[in-house]
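Below: one structure, written as structure tokens.
The values are calculated or read from the model by the stated rules, or taken from the named source; none is laboratory data. Bear in mind the structure is a predicted one, so any value in this text is a computation, not a measurement. Every residue, glycine as well, gets a Cβ built from its backbone with ideal geometry; the counts of neighbours run over all protein chains shown.
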Amino acid sequence: GTEVSAPIGKMTMAAGKYAIAEVEVGMNEYEEAWGFVYGSWLPQSGFQPDDMPCYENYLTDPKDHPEGRCKVEICIPVKPI
């Protein structure tokens with residue numbers, strides 16, 4: 001029931017297995033966090049990306065953190081290798 005307007009959209013995510021990495025990042029650290037999950041964790045995990053969209057789930061508001069950091073879940077659909 002959440003109302004959205006452009007440029008924000010809304011979609012239903014498919015059920016499946018997701019790898020979820022919880023990170024705390026500053027505004028310029030997202031690329032590094034995604035790079036770690038894809039470049040370090042995923043290759044040794046026994047999984048590979050599945051053919052569904054990845055997404056981020058924001059757990060905190062950076063306005064509430066003294067250093068402007070945000071707790072985020074990086075969610076990647078996976079399947080066994």
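Tabulated data for the structure shown
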item: Of all residues making up the range 28-81, the number that are touching a residue at least 12 places away in the same chain (Cβ under 8 Å), outside any helix (DSSP H, G or I) and not polar (S, T, N, Q); result: 27
item: The range 1-27, residues that are part of a loop (DSSP other than H, G, I, E, B) and within 14 Å of Glu73 (Cα to Cα); result: Gly26
item: Meets criteria (at pLDDT below 95 and either at negative phi or loosely packed, with under 10 Cβ neighbours inside 10 Å (or both)) for Pro77; result: no
item: Unique residue being modelled with pLDDT under 95 and surrounded by 12 or more Cβ atoms within 10 Å (Cβ to Cβ) when the list is Pro66, Pro62; result: Pro62
